[in-house]
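The values are calculated or read from the model by the stated rules, or taken from the named source; none is laboratory data. Remember, it's a predicted structure, so these values are computed and weren't measured experimentally. Cβ: placed from backbone, ideal geometry, glycine included. Neighbour counts: every protein chain shown. Note: accessible area is taken over every heavy atom of the protein model, side chains too, but ligands, DNA and RNA are not part of it. Shrake-Rupley method; radii C 1.70, N 1.55, O 1.52, S 1.80 Å.
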Amino acid sequence: MTDHPTDANLDVDAHTAPHAQDALSGPAQDAAAPLTRAIRSGLDRLRAFDRRRPLAWDTAVTAFWAVAAVLDYTSGGWRNVAHDVTAPEPLVLLMSLCFSLPLLLRRRYPMAVLLLMAPVSLINVWTGAVVQAALLQLIPAFQIALRFPLRRLGVAGLVLCAPVVAGATRIPDIWDRQLVSYLWGFVFVALLGIAVRTRRDYTEALVERAHRLEHERDQQARLAAAAERTRIAREMHDIIGHNLSVITGLADGGAYAAAKSPERAAQALEAIGTTSRQALSELRRLLGVLRDDHPDADRAPQPTLDDLAPLIEQVRRAGLPVHLELRGEPGPPTLLTPGRQLTVYRVVQESLTNTLKHASAPADAPLSAAVTLAYTRTHVDAHITDTGTNTTTSTATRSAADEPEREPPTPPPIPALPQGIMGMRERAALYNGTIETGPLPEHGGWHVRLRLPLEDTPQ
């Protein structure tokens, strides 16, 4: 006799089955035969009941085998296989109960249950009654094979077979009949327990892998979202910061010229309108691409080095004289990729914007800036300088955001890397480039130097 067919599955999958079912569900499960689905559904319900009320399930299983053992005694079925039918009937009933009732603890203490049954098994063989309820010892043996190492399983086999060997010294006729059946039964439950345990470990490994992959997927999604937010913030900063700085410069110049030269003021207002429309167009294009429900979003290409001349002309109209110098010849498009051209454009744009916002003209000369682009076989270099006087030789760099002036008694805070400089360095780092910023000791100006290596350059 063996345990109830679902008991093994309940013992194995009481905790892992729901997760495994979720991890392994899919088209294969939907395509299963109706009978397979019905059996699987029934087993799932039994496992769920066992998880909710384990004691109720153990009691039901124990009661089933206790009733079967008592029926074997009351019907006299034990006499059909007994070697000595004159064995005391109260002893036969007691042995039947001793083999069945300890099954209540078979899952918690399987080895203790097997040791408790061993003396009863010796008495069973020694008296010649040979009640079949003795085969219930295979149930805790199965639990040991399911949960413990092979060494413990070997000890369980000795505990199971030793009483039969000892009893066979008194009744040699039952040697082959009892010992062989015990050995075959033990081998069967041992292999079954090992197979079920292997399946359980494999299922747990699949569940753990599914959870790990799900966690990695969520982590990758969060990293991608963070990178996209950073990219959007960088683009918004470049667009808004530059154009508002130009508009501010034009407005200040127009206000100054309004009283003396209305014609110059009108030109400044016209330039403000042009710059504002351009900024709105760029923002509309950027925000339109971000909207999933906007299929007609404008996807115009990003600025390239060909757009540097209009950019510098726009800055000049804002009141900042800019000198552009080109050295060398641009490389082929396969090396000077659009991404690299956008990086150079944004660095020049950010540098000139900072000059417009933060630099003051020196006392002996007007404020001016210079942009130098140098192309080589391996790199493209951009050097932007100005003649402003509000830079210092401290470790602080010129910020891309306006900050109010502090009173002299207030100690300055620890310098933090401004967003504009951070954005330039992030752009350069995408292509293994470098950014150097700082004051110019010669005339007190400021400089930004970008060095960008070209892709696939022969060494």
Unmet requirement for Arg200, which otherwise passes all of (1) more than 30 Å from Arg151 (Cα to Cα); (2) surrounded by 17 or more Cβ atoms within 10 Å (Cβ to Cβ); (3) at pLDDT 70 or above: (1)
Test: residue in the range 56-71 that is of a type in the set (D, E, K, R) and surrounded by 21 or more Cβ atoms within 10 Å (Cβ to Cβ): no
Out of Ile272, Ile239, Ile247, Ile232, sole residue that is at pLDDT below 70, under 26 Å from Leu311 (Cβ atoms) and part of a helix (DSSP H, G or I): Ile239
Options Arg212, Arg231, Arg217; residue that is under 47 Å from the mean Cα position of the chain (by Cα), more than 29 Å from Leu105 (Cβ to Cβ), surrounded by 12 or more Cβ atoms within 10 Å (Cβ to Cβ) and without any contact (Cβ under 8 Å) to a residue 12 or more places away in the chain: Arg231
Matching option when the condition is in a strand (DSSP E or B), buried (at least 20 other Cβ atoms within 10 Å of the Cβ) and either of a type in the set (S, T, N, Q) or without any contact (Cβ under 8 Å) to a residue 12 or more places away in the chain (or both), among Thr385, Thr353, Thr372: Thr385
Members of the range 144-154 that are part of a helix (DSSP H, G or I) and surrounded by 15 or more Cβ atoms within 10 Å (Cβ to Cβ): Ile144, Ala145, Leu146, Arg147, Leu153
Extreme residue, most open to solvent (accessible area, probe 1.4 Å), among residues of the range 324-334 that are of a type in the set (D, E, K, R) and at pLDDT 85 or above: Arg327
Residue among Thr343, Thr304, Thr337 that is modelled with pLDDT of 85 or more and within 42 Å of the chain's Cα centre (by Cα): Thr343
Search result, residues across the range 92-129 that are closer than 19 Å to Leu179 by Cβ and either open to solvent by less than 10 Å² (accessible area, probe 1.4 Å) or charged (D, E, K, R) (or both): Met95, Phe99, Leu114, Met117, Ser121, Asn124, Val125, Gly128, Ala129
Test result for Asp364, more than 29 Å from Gly273 (Cα to Cα), modelled with pLDDT of 90 or more and either in contact with a Phe, Trp or Tyr (Cβ under 6 Å, 6 or more places away or on another chain) or not small (Gly, Ala, Ser) (or both): no
